[in-house]
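Inspection log for the structure reproduced underneath, given as structure tokens.
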Amino acid sequence: MASSSNSPCAACKFLRRKCQPECVFAPYFPPDQPQKFANVHKVFGASNVTKLLNELQPHQREDAVNSLAYEADMRLRDPVYGCVGVISLLQHQLRQLQMDLSCAKSELSKYQNLGISSHGIIAAAAHHHHQGINLLGGGVTARDHHHFHHQLFPVNQQQMIRSAFDGGNGYDASSFLAAQLSGFQQSRAAAGAAAADGRRAPVEPS
């Protein structure tokens, strides 16, 4: 490879020797990457790299050279920890991400359980609501049910509620609904008491 281009590989050029056709460095240290071999030679030594490459299969040598080049570069950047410093940092980040993922799954589970509980509460409230209507009306039909809601909220108040939910006038719909419900409950209690008094009152003879 190097002899065909009449240019020595980066390793032979650095070592100031003639690049032979069977040069073990030529396929992995091209002439345009002199710093790559300089770093590897400074950390590992050219003779050690030669011995290592000769002990490997040809298809393994490229990965080995890339690994040596990376380790040499990191060793020169961080003489104390080298690659170990980067590996430790990545492991710490991985553990932190695993913890964050676990917390996120826990929060999601809480919200899912809350949604299931809320659905059950809404279903129970709807059931009690319909029971209350049946007790009040003694067998209320669909028409009576519709009439019951109109008695609870007259037409003009229904229009006020709809406009409140539209949000166009800043009306406090929640306060209005609370007041209407409270008034309805008081009226129903008074009607029930009056009916009870009527049942207890003696019937005068005609």
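Nothing in this text is a laboratory measurement; each read-out follows from the coordinates by a stated rule. Small disclaimer: the values here were computed from a predicted structure and weren't measured. No Cβ is skipped: glycine too gets one built from the backbone with ideal geometry, and neighbour counts run over all protein chains shown.
Remark: spin-label model distance H92-Y111 equals 3.1 nm, labels positioned 7 Å along the Cα→Cβ axis. Note on F44/D100: beta-carbon distance plugged into 1/(1 + (r/R0)^6) with R0 of 35 Å gives a FRET efficiency of 0.35.
Label-to-label distance, C83 versus Y70, with points set 7 angstrom from Cα along the beta-carbon direction: 0.7 nm.
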